[in-house]
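The values are calculated or read from the model by the stated rules, or taken from the named source; none is laboratory data. Since the structure is predicted, the reported quantities are computational estimates derived from the model, not experimental observations. Cβ atoms come from the backbone with ideal geometry, glycine included; neighbour counts cover every protein chain shown. Note: accessible area is taken over every heavy atom of the protein model, side chains too, but ligands, DNA and RNA are not part of it. Shrake-Rupley method; radii C 1.70, N 1.55, O 1.52, S 1.80 Å.
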Amino acid sequence: MRILGIETSCDETGIAIYDDQLGLLSHQLYSQVALHADYGGVVPELASRDHVRKTIPLIIEALAEAKCTKDDIDAIAFTAGPGLVGALLVGSCIGRSLAFAWGKPAIAVHHMEGHLLAPMLEDNKPDFPFLALLVSGGHTLMVQVDNIGEYHVLGESIDDAAGEAFDKTAKLLGLDYPGGPRLAKLAEQGVAGRFVFPRPMTKKPGLDFSFSGLKTAAAITIAREGNDKQTQADIALAFQDAVIDTIAIKCKRALKETGLKRLVVAGGVSANKSLREQLAILMKNRGGEAFYPRNEFCTDNGAMIAYAGMQRLKAGQFEPLAIKAKPRWPLDTLISVSP
Ligand code: KG4
Ligand code: ZN
């Protein structure tokens, strides 16, 4: 079976074709980074308009890359939420309408389910159950994954998401949008130990996160002494270390509480090299293993949506004719693919 996946929840138009026997046949991505750069963040209306321009041309390119026609496609999966409502509506309308026109089933995919299943596109895939740490621009979630669609949210951010904190701190350091990867690059030049920021919510029990205070601590330090390049790099490193350390402490706690031995790390921030290294060490020390998607599938992409959609297709879970876009959509309201 073959499925077309459409991702338009934020500032990337991602289209992919996935075959359950042959794997990924094509993967097209258009990033709107340049479009939003002047504004220092995603402008929802511009994002929606750009998805309108890019989605259908990318679908045509993806079909050509996979050397197939609409007749070879068995279903269409699209991100229905969570995300920016206008952006979601573009992918949802196009996906649902194409499915109707082609006479194929349509599948509404949860964006975070896409992220947490992204490591399944790799050769080294985790078995169920596993612990998933989802760290993106919009979400920070710790999830116990018993099977596809069987998700128990153990903890989440009570304020800024990890990626959002990276982006806001990067902005304070004068770095362009999207700041996360740029801050990580700057941190490579930093001297460890010159600044130390708090590890929020690690002293009290629980698996929730809070990153907005950390951003404020960085803001105060930047305002006080962040004028020269070296100091900025030192602050970037201290900030990154604090985020990673906080995440590692919470992962360790969650692994202990659940007894799980496998950790999946996904979402945009999982592209962070230091985070990967620290979590790989944590898992090795515990006799477990950490799993990540390849770098290009850490951030938003169509491949993860096609893969997640395929699992629902196999379980016979399709959408009715109504077009679904859910800007808010709790992950643990999804249903299992098991009968
Ligand atoms: O998953 P994603 O592409 O979009 C959302 O669904 O939010 O995640 C984007 C987020 C941004 O906040 C970006 O700055 C962050 O992931 N990010 C990083 C790195 N690469 C992307 N943050 C830290 N280090 C990185 N290397
Ligand atoms: Zn995402």
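Solvent-accessible surface of region 3-67, taken per residue with a 1.4 Å probe and all protein chains present: 44 Å².
Measuring only protein heavy atoms, the 1.4 Å probe finds Lys70 accessible over about 90 Å².
For the chain, the longest principal axis of the Cα atoms and the long axis of helix 44-65 meet at an angle of about 60 degrees.
In this simple spin-label approximation, Lys125 and Phe100 carry label points 7 Å from Cα along the Cα→Cβ vector, and these lie 3.3 nm apart.
Taking the Cα centre of region 233-339 as origin and assigning +1 to Lys and Arg Cβ atoms and -1 to Asp and Glu Cβ atoms, the resulting dipole is close to 400 debye.
Between Glu289 and Ala64, the simple label model (points 7 Å from Cα in the Cβ direction) yields a spacing of 3.9 nm. Rolling a 1.4 Å probe over the protein heavy atoms of region 8-109, with every protein chain left in place, gives an accessible area that is 59 percent carbon and sulfur.
In the complete set of protein chains, residue-level accessible area for Lys229 is approximately 130 Å², probe 1.4 angstrom. The equivalent ellipsoid of region 77-129 has semi-axes of 25, 15, 8 Å, largest first, where each one is the square root of 5 times an eigenvalue of the Cα gyration tensor. Centroid-to-centroid, using Cα positions, region 132-191 and region 56-85 are 28 Å apart.
Principal semi-axes of the equivalent ellipsoid, √(5λ) from the alpha carbon gyration tensor of region 233-339, are 31, 18, 13 Å from largest down.
Give me the one-decimal nm value for the distance between modelled label points at Arg53 and Arg328, 7 Å along each residue's Cα-to-Cβ direction. Reported label-point gap for Arg53 and Arg328 is 3.3 nm. Note on Asp72/Asp176: beta-carbon distance plugged into 1/(1 + (r/R0)^6) with R0 of 51 Å gives a FRET efficiency of 0.80. Each other residue within a Cβ distance under 14 Å of Glu296 adds +1 if Lys or Arg and -1 if Asp or Glu, for a net charge of -3. Extension gain for Asp20 to Met1 (0.36 nm times residue separation, less C-alpha to C-alpha distance): 6.3 nm.
Surface calculation, 1.4 Å probe, protein heavy atoms: Glu164 sits at approximately 60 Å² accessible. Net charge dipole, the chain: roughly 620 debye, given to the nearest 20, about the Cα centre with Cβ charges of +1 for Lys and Arg and -1 for Asp and Glu. From helices alone, the chain scores -13500 deg cm²/dmol at 222 nm; the rule is -39500 (n - 2.57) for each run of n ≥ 4 DSSP H residues, then divide by the residue total. Summing Lys and Arg as +1 and Asp and Glu as -1 over all other residues whose Cβ lies under 15 Å from the Cβ of Ala37 gives a net charge of -4. Evaluate E = 1/(1 + (r/R0)^6) for Thr216 and Lys252, where r is the Cβ-Cβ distance and R0 equals 30 Å; express this FRET efficiency to the nearest 0.05. Between Thr216 and Lys252 the formula returns 0.75. The Rg/Rh ratio for the chain, using Cα coordinates for both the radius of gyration and the Kirkwood hydrodynamic radius, is 0.98. In a reduced charge model with +1 at each Lys and Arg Cβ and -1 at each Asp and Glu Cβ, region 181-301 shows a dipole moment near 420 debye about its Cα centre.
For the listed residue pairs Lys54/Lys314; Lys67/Lys314; Lys171/Lys229; Lys125/Lys250; Lys204/Lys256; Lys125/Lys185, the alpha carbons are over 19 angstrom apart in Lys54/Lys314; Lys67/Lys314; Lys125/Lys250; Lys125/Lys185.
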